[in-house]
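Visitor: First, the structure itself, so that you have it in front of you.
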Amino acid sequence: MHYGLIVLIILVVLLAGLVAAFAYRLMVLRRGGTAAIMRVLPSDGGAGWRHGIIRYGDNTLVFFKLSSLRPGPDHRLGRQDIHVGDRRAPRDTEFDIMTPDIAVLELSDDDKYFEIALDRSALTAFLSWVESRPSGRSRRRRPAA
């Protein structure tokens, strides 16, 4: 009986922790963002896609998976390091989770490779954010003394 009570208390504490993690993640996701579907490359066929939201910061883009309990973002891409590759329409089994008006972009960030699927308005916002990044050569000049 004594061991049963200890096991029950441990299970209740674990369940409470799981509920707290779920509630926190839900709160993070409800703060808003842009709907996106993303996957890490290389992937086979239509596998590996994860629904989530992206948020733009001054220097980073963060991706939060809908199905994750991780307290922070699942992927973080640096604005200066993002390279946009080819654009394509969904193919084959990808139509199970995407509509024909979605564009799929290849992205790279240093040595990590991704594909991100966005609708037209989200694609415009993403490309504007990437293209408006400051040049790596630009620096503030000190005022003349």
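Values in this text are rule-based calculations from the coordinates and carry no lab data. Quick caveat, the model's predicted, so the values are computed rather than measured. Heads up, the Cβs are rebuilt from the backbone with ideal geometry, glycines too, and the neighbour counts pull from every protein chain shown.
Visitor: Which of the residues belonging to region 33-49 are of a type outside the set (S, T, N, Q) and either within 20 Å of G78 (Cα to Cα) or touching a residue at least 40 places away in the same chain (Cβ under 8 Å) (or both)?
Guide: Once the filter is applied, which keeps residues that are of a type outside the set (S, T, N, Q) and either within 20 Å of G78 (Cα to Cα) or touching a residue at least 40 places away in the same chain (Cβ under 8 Å) (or both), region 33-49 yields G33, A35, A36, I37, M38, R39, V40, L41, P42, G45, G46, W49.
Visitor: Return the residues of region 1-43 that are under 30 Å from T124 (Cβ atoms) and outside any strand (DSSP E or B); say none if nothing qualifies.
Guide: R25, L26, M27, V28, L29, R30, R31, G32, G33, L41, P42, S43
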